[in-house]
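Everything below concerns the one structure shown next.
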Amino acid sequence: MRHVPRISEAEWQVMKPLWAKSPQTGNQIVEALSGVTHWNPKTVKTLLNRLVQKKAIGFERQGREYLYYPLVDRQTCARAESRGFL
């Protein structure tokens, strides 16, 4: 079985827009979270970098922007989280 990264609650919030539609730029994700959280854009970018390091998301450089996409699906993460809780 493939390793499923442990995702924090804050990182989970960043994953939601990516699971809904991907790929997305960092700015699109910041915009999607603006009505949900009151995070500074730099905070969102930091969380994106953490998720890349955990191999939960991948990215592709397109010009001056990065397009982010999930490497793990929502159901797999939810199952891993619930197993970890039990």
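Structure summary
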quantity	calculated
q = 0.15, 0.17, 0.20, 0.21 Å⁻¹, the chain: log10 I(q)/I(0) [Debye, one scatterer per Cα]	-0.52, -0.66, -0.90, -0.98
The chain - mean residue ellipticity at 222 nm from DSSP helices (-39,500 (n - 2.57) per run, n ≥ 4, rounded to 500)	-16000 deg cm²/dmol
Stretch in the chain that is longest and holds no trypsin sites (Lys or Arg not before Pro) that DSSP places in a loop and that have at most 15 other beta carbons within 10 Å	22-54
Qualifying aspartates and glutamates (Cα of each under 13 Å from Cα of residue 54; at least 8 residues distant if same chain)	11
Relative contact order for the chain, counting Cα pairs under 8 Å that sit 6 or more residues apart, in percent	37
Long-range amide H partners of residue 58 with built H, under 5 Å	69, 71
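Where a number appears in this text, it was derived from the coordinates with a stated rule and is not lab data. Given the structure is predicted, the values throughout are model-derived calculations rather than measurements. Quick reminder, even Gly has a Cβ in these numbers, built from the backbone with ideal geometry, and neighbours come from all protein chains shown.
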